[in-house]
Amino acid sequence: MASQPPDLRYDPYDYDIDADPHPVWRRLRDEAPLYHNPDYDFWALSRFADVLEVSVDWQTYSSARGTVLELIDKIPEPAPMIFRDPPEHARLRKLVSRAFSPRRMAELEKPVREIARGLLDAQVGAGGFDYVADFGAKLPSMVISSMLGVPEADRDDIRRWTDAVLHREPGETLDDARMSEVQGKLWGYFARYIAERRSAPRDDMMTDLLEAEIEEEGGARRLTDVEVLVFIGLLSAAGNETVARLLGWAGDTLARFPDQRRALVERPGLIPNAVEELLRYEAPSPVQGRTLTRDARWHGRRVPAGATLLLLTGSAGRDEREYPDPDRFDVERRFERHVSLGYGIHFCLGASLARLEGRVALEETLARFPEWRVDPDAAEMVHTSTVRGYAKLPIRT
Ligand code: HEM
């Protein structure tokens with residue numbers, strides 16, 4: 001295939017496409033499996049097998065210039081690990097992996113459940129609530145903030161600032177002034193906490209990070225304040241935004257497929273599989289960027305070294321070449337893998353936490369509210385080029 005249909009346009013900043021990208025993604029998979037967007041000068045792969053192949057080849061497809069389209073070559077230094085290649089990536093990842101070990105995750109189930117119960121109990125008898133604003137967005141931010149050691153009173157501010165950093169106006173790729181203003185607030189806040197922890201260590205992740213040692217050629221050393229800030233920024237952005245979107249998709253998709261919801265009420269043992277199916281069906285983080293370190297060939301065309309390549313993980317989850325009848329949402333679907341949590345060395349560090357939060361959120365929701373309706377006119381999407389899903393999802397219970 002040497003060209004692409006002139007009427008086929010995929011623009012990740014277009015609100016209309018973002019509202020329902022599946023028809024465009026399907027056309028990309030069928031008609032332009034390697035797509036080039038001349039306006040933003042990016043290339044995109046949309047088929048499952050292609051996304052998988054690129055994800056494991058970090059030597060050719062680098063994350064080091066950034067993985068968010070509008071931030072390519074604009075990433076701050078020191079860059080978070082998600083924007084690094086080996087060997088720095090591996091050193092940084094090792095530092096925080098302990099906080100996400102299976103044992104730590106098992107310990108988290110109780111507090112996650114308590115937070116979920118508290119938020120949902122407050123809505124019993126109310127007749128309805130906003131499943132994202134009152135629940136889906138609050139749960140992960142309370143969980144990650146408590147892991148980091150942020151006081152409860154400050155958690156809503158943190159979430160609002162993180163939302164504002166990622167938000168994009170229609171047609172806007174990046175508003176530098178707004179971004180630095182909000183980023184400044186966020187960092188100023190955490191900088192104060194770091195100073196406090198240095199003088200009075202506690203049993204939380206922030207203290208762990210301050211005490212962790214990173215191996216370098218010249219020997220081991222502690223992280224600087226700024227490096228700790230970068231870690232915290234990454235964990236709170238990655239932990240808040242994505243799970244909030246996953247839960248929004250759960251609220252919406254289960255209302256659309258009441259038979260599937262009923263199956264989960266009757267057989268809660270299906271919930272872990274339903275979380276995987278939700279991730280496949282509506283990927284909360286549907287686009288990951290890479291930069292080519294050398295020329296590559298895809299579907300008969302050359303992609304030059306230095307080019308930006310987008311992996312459309314959201315499209316990969318609906319690829320009929322991998323999943324039979326992919327537009328059917330089926331909580332009993334059997335499949336071995338998806339790429340909605342990434343694949344390869346950058347595989348989502350918080351995957352077990354995301355799965356835990358997803359499972360507990362659904363168990364607790366369905367135990368109280370076996371049925372609900374979404375008010376489609378009052379629902380609102382978030383607008384970012386990194387996550388996709390609802391900002392508001394009012395439901396009637
Ligand atoms: C449903 C929820 C989530 C989704 C869909 C999601 C998705 C992803 C994806 C697709 C990647 C790979 C990015 C790439 O290849 O460039 C990733 C990486 C990452 N995620 Fe998640 N994520 C979720 C939840 C979380 C949570 C709860 C945390 C932490 C609290 C987290 C922390 C991270 C970090 C630190 C990375 C970078 C890993 C690395 O570079 O090695 N994520 N996530």
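Observations, loosely collected:
- CD proxy at 222 nm, helix term only [per DSSP H run n ≥ 4: -39500 (n - 2.57); per residue of the chain; nearest 500]: -14500 deg cm²/dmol
- The chain: most fluctuating residue of 345, 214, 194 per GNM, C-alpha cutoff 10 Å: 214
- FRET efficiency, 1/(1 + (r/R0)^6) with R0 25 Å, evaluated for residue 214 and residue 101 via beta carbons: 0.85
- Of the DSSP H helices in the chain, those whose Cα atoms cover at least 30 Å axially and whose Kyte score averages -1.0 or more: 176-199, 225-256
- Note on the chain: with charges restricted to the Cβ of Lys and Arg (+1) and Asp and Glu (-1), its dipole about the Cα centre is near 820 debye.
- Inter-centroid distance (Cα atoms) of the stretch 216-283 relative to the stretch 77-95, Å: 21 Å
- Hz values of 3J(HN,Hα) by residue in the stretch 293-298 - Karplus curve (6.51, -1.76, 1.60), Gly and Pro given as x: 8, 8, 4, 9, 10, 9
No value in this document is a laboratory result; all are computed from the given coordinates. Since this is a predicted model, take the numbers as computed values, not measurements. Every residue, glycine as well, gets a Cβ built from its backbone with ideal geometry; the counts of neighbours run over all protein chains shown.
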